[in-house]
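Take a look at the structure below.
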Amino acid sequence: MDELERKQRIRRTTLIFVAVALAFYIGFIMMGVVRS
Amino acid sequence: MTATTVDTNAADHDDHDHGPTKGIGRWLFSTNHKDIGTMYLIFSLLMFFIGGSMAMVIRSELAVPGLQFVHPEFFNSMTTMHALIMVFGAVMPAFVGLANWMIPLMIGAPDMALPRMNNWSFWILPIAFGILLSTLLMPGGAPAGGWTMYPPLVLQTGDAFPFLIFSVHLMGLSSIMGAINVIVTIINMRAPDMTLLKMPMFVWTWLITAYLLIAVMPVLAGAVTMLLTDQFFGTSFFLAAGGGDPVMFQHIFWFFGHPEVYIMILPAFGVVSEIIPTFARKKLFGHDSMVYAASCIAFLSFIVWAHHMFTVGMPLTGQLFFMFATMLIAVPTGVKIFNWIATMWRGSMTFETPMLFSLAFVFLFTIGGFSGLMLAIQPADVQYHDTYFVVAHFHYVLVPGSVFAIMAGAYYWLPKWTGHMYNEKIGKLHFWTSTIFVNLTFFPMHFLGLAGMPRRIPDYSTQFTDFNTIASVGAIGFGLSQLIFVWVLLTAKKGETATDRVWEGSHGLEWTVPSPAPWHTFTTPPKARIANESFE
């Protein structure tokens, strides 16, 4: 794995987990909206 | 397959090394995993003493019946702030500090994958806790509704309320950023030969912990965001008068809260899994089963949350599900305890301070585990709920559990960090005083709880006096014992020079770099090979 490829993989993994965290945050607030 | 060693000394790669910048800038703008790890560890120690001093206020007030020193409102602030500071400011940052220092060294990476974000993750924390601590000086006092922040009680908080919410958001943000960094580092930065199942247990447990963090910290953030909007923006998420449901907050909070317990204990499992093989001079028994057990615990942690709220009145099927799911956790936990004991079985054991703390961890954490199993039994929990039995349970898990593992890790890796051996006699003194006093503090709380003493009260009936006095003496003794650890740290560079390997039985990439570890390590990936050959 060269340096460029490593950087791309790091960026990709970071974005995936940022998206997961945001999904949990928004998802649970939406659950609250639906329930209340 | 617990670890790897390198054939070449990592210091050979450091010929183009540049040292740290001088002055405060080194720490403010640091992107170096070792510097940031050091800052996390110092910060957590500071928070440990601030949270600990609040525990001293609590135990002083409870030493004898009647109101002695503080007003009940302030007492409630102390219990709330003590918990928030110990959970988010002491235990979690200590493990993040250990992760920052050790994960890159253990997997042969030059640094964390996202070093600038690493800097932000740390520096958000002092801001968050500065805000939280500032609430002590605000009209209405610091938050006093418990660390669980249940509405509608928490909505009675004075001016401190929005600051509490903001600081919890910041703590969550810091944790999420740290967790992303750990995952991205482990997935992308391992030495070429290090497959996932060859990773050391500390790295494995942290990888699982980081997944938990990313899943649940946003949930806590969502919950407190809804509290904020209920208070200031006219929503009724949790307000019954507006059609909301206060019990829903408890569900959401504990969906975060129970995995949070494992966030604080899984890295402790990892630390102990590194130390016991070293001082038993054997490889870790059942490395792969330890990985599967930790993963299993992490999965189960998501489906047991309602055992914290058995008394809210849920359907019988719900009670049964959460009771049995909780009991299931004992199985993978039992696998871990068995494997640690099997690692020690017929090993050439020695009892240096890290090993002593690890052994105490195994024994005392198990006590906390068993009382947890008792609490999982729904009909019994109705009796135990909100009593000192619960306080005894979670303090056994968190103090001789998580905190002892942090101490064990600190003693274990201190020579690698400083380049010098710490004073073993003083270390053992720290261990024995801590162990005696921690039991003196928390064991009597089991009896208090079984006798019916409720938690979170500043005064109590006179029949509870004896055990409370014993607990208070123990707490002050435990607090003073921690000053011995500060002495160990202050004299850490005065001991004899440490070798690269430090401990006779140690193995893994972190022991192949010089002691103290150079500012830059593994700037080119190490050639790794499976290391447990030395045990075969």
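Tabulated data
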quantity	calculated
Å² per residue, accessible surface of the protein assembly as shown at 1.4 Å	39 Å²
Ranked by how many other beta carbons lie within 10 Å on average, peptides B:297-309, B:336-348 from highest	B:297-309, B:336-348
Computed label-point distance, nm, for sites residue A:33 and residue B:363 using a 7 Å Cα→Cβ extension	5.5 nm
Average partner coverage of B:216-228, which counts Cβ from other chains inside 10 Å	4
Among B:472-480, B:204-212, the order from most to least packed when residues are scored by Cβ within 10 Å on average	B:204-212, B:472-480
Protein accessible area in the range B:34-140, 1.4 Å probe - carbon and sulfur %	76 percent
Probe 1.4 Å - accessible area at residue A:5, Å² to nearest ten	70 Å²
Distance between the range B:182-208 and the range B:371-424 - C-alpha centres, whole angstrom	25 Å
For residues of A:22-30, the mean tally of beta carbons on other chains within 10 Å	6
Accessible area in the full protein assembly, largest first, 1.4 Å probe, for B:114, B:450, B:509	B:450, B:114, B:509
Relative contact order, percent, chain B [alpha-carbon distance under 8 Å, six or more residues apart]	23 percent
Those residues of the range B:177-198 for which accessible area with every protein chain present is at least 40 Å² below the isolated value (1.4 Å probe)	B:180, B:184, B:188
C-alpha long axis of helix B:160-188 to longest principal axis of chain B, angle in °	30 degrees
Inter-label distance for residue B:29 and residue B:328, nm, one decimal - labels placed 7 Å from Cα along Cα-to-Cβ	5.2 nm
Computed lengthening from residue B:341 to residue B:42, 0.36 nm per intervening residue step minus Cα-Cα distance	104.4 nm
Shielding by other protein chains, A:5-16, mean Cβ within 10 Å	4
Low-density loop cleavage sites - chymotrypsin sites (Phe, Trp or Tyr not before Pro) in the range B:66-139, where at most 12 other Cβ are within 10 Å (DSSP)	B:69
Gyration tensor (Cα) of the protein assembly as shown, equivalent ellipsoid semi-axes in angstrom	37, 27, 23
Protein heavy-atom accessible area occluded, A/B pair - total, 1.4 Å probe, Å²	1900 Å²
Amide H contacts under 5 Å for residue B:420, placed H, 5+ residues apart	B:498
Degrees between helix B:287-300 axis and first principal axis of chain B (Cα, 0 to 90, nearest 10)	20 degrees
With DNA, RNA and ligands ignored, accessible area of residue B:261 (1.4 Å probe; Å², nearest 10)	40 Å²
Distance between modelled label sites at residue B:70 and residue A:4, nm, 7 Å Cα→Cβ extension	6.0 nm
Cα-based helix-to-principal-axis angle, B:115-134 vs chain B, degrees rounded to 10	30 degrees
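The values are calculated or read from the model by the stated rules, or taken from the named source; none is laboratory data. All values derive from a computational prediction rather than experimental measurement. Please note: Cβ atoms are built from the backbone with ideal geometry, for glycine as well, and neighbour counts cover all protein chains shown. Side chains are part of the model used for accessible areas, which takes the heavy atoms of the whole protein and leaves out ligands, DNA and RNA. Shrake-Rupley method; radii C 1.70, N 1.55, O 1.52, S 1.80 Å.
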